[in-house]
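The values are calculated or read from the model by the stated rules, or taken from the named source; none is laboratory data. These figures come from a predicted structure and were not determined experimentally. Neighbour counts are summed over all protein chains in view; Cβ atoms, including those assigned to glycine, are modelled from backbone coordinates with ideal geometry.
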Amino acid sequence: MLGEYLIEGRGAAEIAAGIERAVGAGGLEPGQLLPPLRKLADELGVNPNTVAAAYRVLRERGVIETAGRRGSRVRSVPATTGRDHIHVEVPDGVRDVSHGNPDPALLPSLERAFAAAAARGDRAPVLYGDVAVDPELARLARAALHADGVPDGPLAVVSGSLDAVERVLTAHLRPGDTVAVEDPGWGRTLDLVPALGLRTAPVPVDDEGPLPDGLRDALRAGARALIVTDRAQNPTGAAVSAARAHALRAVLSDHPGTLLIEDDHGHGIVDVPLHSLAGVTRHWAFVRSAAKAYGPDLRLAVLTGDGVTVDRVRGRQRLGPGWVSRLLQRALVRLWSDGAVDAGAVAAAYGRRRDGLLTALAARGVEAHGVSGMNVWVPVPDETAVVARLLHAGWAVAPGARYRMSAPPGIRITVSGLTEDETGPLADAVASARGPGPARSYV
């Protein structure tokens, strides 16, 4: 018995499924201790090995964690619930700068592109057995990747950045392996890794990307993979500089067996150059998403990498969805060919909003970060208090807990829709809510 929740089941699968449902529904809370193996086995009238098997399944799925004699407990952020539960409910009349979405006014119209793609599909329908990657999309994508210095490799098309990350991780790693992740980093990635039964090793970041010493420590401790956001890092806005890329490549060269995954979701909305780390390790993957520049509902990303990695991704994809809709691919080709997004203008618009807020915060003595993309990260002494005070003042920001593991507290502000008239009042509110106390930077 755990509080009011009774664990039931006769087989390992039943026991594991029951516990996982309870975690997802809130019947078992994050951090809650589970019964010892033998005690639960006695209560259920089953062999202790059955309970051990159930707990093993839950560990591999990222639902629970085990700390030796201290027992097993629900993870503080179990994969079943995810970090989306760490959010702010935005009341009517409160300005929402927490959402992380692009500015709809800067997204292109999709009507003509999809109409053209649909008309082409009517003339020559895509059927089972057709190639998975549209040849024109492959040509345009290769040219853009080559121009940015990404090594040549085979191409695949997947359903967004996270789909690519998941497919690459499962192509190489097994439950229990460790993945080095940015800290602070993308909350969905921090959820996905344990959901796959993998462990996370936090790597501190600054404005230039992951710190080499932090990466070195993680790899020496046994991390088998590294996930890096090259530009417009969420939530800090970091962008890997040329000097940092050189230092990180040097670290990776000492660990050539590391699986490197690079996420360039900021392509099309940033004005800083790409400095890829690919080419140092035997296995690598580089993913470029269309979501931020063309709209989150355009679930499409181009993936390249070494031959083994891309072949494994393609093979597993064939056994599941088969391919990403050629209608989507052809629509994106039309958007690219028509120049539907002026990347320079979009990057400049986000840059003005981001730099305006950073300047206003600095004038009020508030440290903040954001060298690219649409988010600003503000270290704070007390995250919960600052979020609550800002909400009371009419501003909803994202709690930093959604994006960090060992990093100090902070808040994320999305500037994509911020107007010039709002910048000063928002900076005033942040300065007031943060107060005069010291706050550790995110390093």
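All conditions but one from (1) out of contact with any strand residue (DSSP E or B) (no Cβ under 9 Å at 6 or more places or on another chain); (2) modelled with pLDDT of 95 or more apply to Asp206; the one that does not is (1).
This table checks each residue for (1) over 20 Å from Leu137 (Cβ atoms); (2) in contact with a Leu (Cβ under 8 Å, 6 or more places away or on another chain); (3) outside any strand (DSSP E or B); (4) not aromatic (Phe, Trp, Tyr).
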{"residue": "Val270", "(1), (2), (3), (4)": "yes, no, yes, yes"}
{"residue": "Leu274", "(1), (2), (3), (4)": "no, no, yes, yes"}
{"residue": "Gly279", "(1), (2), (3), (4)": "yes, no, yes, yes"}
{"residue": "Phe286", "(1), (2), (3), (4)": "no, yes, no, no"}
{"residue": "Val308", "(1), (2), (3), (4)": "yes, no, yes, yes"}
{"residue": "Arg314", "(1), (2), (3), (4)": "no, no, yes, yes"}
{"residue": "Gly322", "(1), (2), (3), (4)": "no, no, yes, yes"}
{"residue": "Arg334", "(1), (2), (3), (4)": "no, no, yes, yes"}
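Residue pairs whose Cβ atoms lie under 7 Å apart, sitting 6 or more positions apart in sequence or on different chains, and linking a residue in segment 402-430 that is over 19 Å from Gly373 (Cβ atoms) to a partner that is of a type in the set (Phe, Trp, Tyr) and assigned to a loop (DSSP other than H, G, I, E, B), are Pro408/Tyr442.
Taking the conditions (1) in contact with a helix residue (DSSP H, G or I) (Cβ under 6 Å, 6 or more places away or on another chain); (2) surrounded by fewer than 18 Cβ atoms within 10 Å (Cβ to Cβ) in turn, Asp148 satisfies each one other than (1).
Determine if segment 89-97 includes at least one residue that is surrounded by 14 or more Cβ atoms within 10 Å (Cβ to Cβ), modelled with pLDDT of 95 or more and in a loop (DSSP other than H, G, I, E, B). Yes, there is a match, as at least one residue in segment 89-97 is surrounded by 14 or more Cβ atoms within 10 Å (Cβ to Cβ), modelled with pLDDT of 95 or more and in a loop (DSSP other than H, G, I, E, B). Scanning segment 314-335 for residues that are among the basic types (Lys, Arg) and surrounded by 15 or more Cβ atoms within 10 Å (Cβ to Cβ) gives Arg314, Arg326, Arg330, Arg334.
For segment 265-323, filtering for residues that are among the aliphatic types (A, V, I, L, M) and without any contact (Cβ under 8 Å) to a residue 40 or more places away in the chain leaves 3. Counting only residues that are more than 28 Å from Ala347 (Cα to Cα) and modelled with pLDDT under 95, segment 393-406 holds 2 of them. Out of Leu211, Leu248, Leu226, Leu190, one residue alone is within 30 Å of Val380 (Cβ to Cβ), in contact with a Gly (Cβ under 9 Å, 6 or more places away or on another chain), assigned by TED's automatic domain parsing to the domain that holds Leu162 and among the hydrophobic types (A, V, I, L, M, F, W, C). It is Leu248.
Check whether at least one residue in segment 197-217 is in contact (Cβ under 8 Å) with a residue 12 or more places away in the chain and closer than 20 Å to Arg316 by Cα, and report yes or no. The answer is yes, given that some residue of segment 197-217 is in contact (Cβ under 8 Å) with a residue 12 or more places away in the chain and closer than 20 Å to Arg316 by Cα. When Asp342 is tested against (1) surrounded by fewer than 18 Cβ atoms within 10 Å (Cβ to Cβ); (2) under 19 Å from Ala138 (Cβ atoms), exactly one condition is not met: (2).
Exactly one residue out of Asp264, Asp306 is buried (at least 19 other Cβ atoms within 10 Å of the Cβ), of a type in the set (Asp, Glu), farther than 26 Å from Ala347 by Cβ and touching a Phe, Trp or Tyr at 6+ places or on another chain (Cβ under 8 Å), and it is Asp306. Of the residues in segment 355-368, at least one is in a loop (DSSP other than H, G, I, E, B), farther than 16 Å from Gly295 by Cα, aliphatic (A, V, I, L, M) and more than 23 Å from the chain's Cα centre (by Cα). Being in a loop (DSSP other than H, G, I, E, B), over 25 Å from the mean Cα position of the chain (by Cα) and under 30 Å from Thr236 (Cβ atoms) is the requirement here; does Gly149 meet it? No. Has segment 17-26 got at least one residue that is at pLDDT 85 or above, basic (Lys, Arg), surrounded by fewer than 18 Cβ atoms within 10 Å (Cβ to Cβ) and not assigned by TED's automatic domain parsing to the domain that holds Thr200? No - not one qualifying residue is present in segment 17-26. For segment 180-200, taking the residues that are in a strand (DSSP E or B) and modelled with pLDDT of 95 or more, the one that is surrounded by the fewest Cβ atoms within 10 Å (Cβ to Cβ) is identified as Asp183.
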